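Colleague: Pasting in a structure now, in structure tokens, and then I'll have a few things to ask.
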Amino acid sequence: MKKHIFTILAVMAFAACSGSDVTYRPAEQKLPQYIKRIAVRPFTNKTPQFGLEEKLTLKTIDEFLKNGEYAIAQENAAQGVVVAEISHYILTPIQYDVNLVPTVYKLNVLVSVRFLDKGANRYLWEEPALQAVKMYSASTLPGGMTEEQARESLWEILAKNIVMRTVKGFGAASSASQKKIPQDMPPAVEASTPAVQGQMTP
């Protein structure tokens, strides 16, 4: 009789466990505690578009200052350094009027970001393709915008993602899949890519 009761209880316990909503949540991978001050090294730009790197660098510094979790310093006084490169700038017309004049554009920008631990002289993490996408109407249409205005909205998105990835750790911002980013096609026909999680580097 006791054995029968034990079996019933075991089955009930198993059913309760299997029916519960169990979600795997990996621990946040934040920066080491000894990193108190962060520098933002002037970003580099691999695209043919001139001047993108300066505006994104300044916007990223501004977002770090707004966040306030880490002090922003010159690189020689910082324990950690944000290092980034604008790798893709893809502007594609996606709608036209009856005269084949573009009326809607899609702007896609990808940035490679790494974080350097100066004391250990190694990169703590890398996001190889942080992505921001903006679809907008031509400036000649009501509610439209210029390409420069579209860029500004992307700088804000990317800067916030860089700060979140630095402050909140793994999963706070995610890279696009490198396998789906064409490497040998001209910018006008490169496709945007869905987001997947970035990976830590040794």
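Colleague: Give the residue that is nearest to I94 (Cα to Cα), with candidates limited to residues of region 120-161 that are of a type in the set (G, A, S), touching a residue at least 24 places away in the same chain (Cβ under 8 Å) and part of a helix (DSSP H, G or I).
Modeller: A150
Residue by residue, here is whether (1) under 17 Å from the mean Cα position of the chain (by Cα); (2) buried (at least 20 other Cβ atoms within 10 Å of the Cβ); (3) free of Cβ contacts under 8 Å to residues at least 24 places away in the same chain holds:
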position	(1), (2), (3)
L56	yes, yes, no
L65	no, no, yes
P93	no, no, yes
N99	no, no, yes
K106	no, no, no
R114	yes, no, no
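Colleague: Okay, moving on. For region 84-96, does any single residue satisfy the condition of being within 17 Å of A39 (Cβ to Cβ) and modelled with pLDDT of 95 or more?
Modeller: Yes.
The values are calculated or read from the model by the stated rules, or taken from the named source; none is laboratory data. The structure presented is a predicted model; accordingly, all values stated were derived computationally and were not measured. Heads up, the Cβs are rebuilt from the backbone with ideal geometry, glycines too, and the neighbour counts pull from every protein chain shown.
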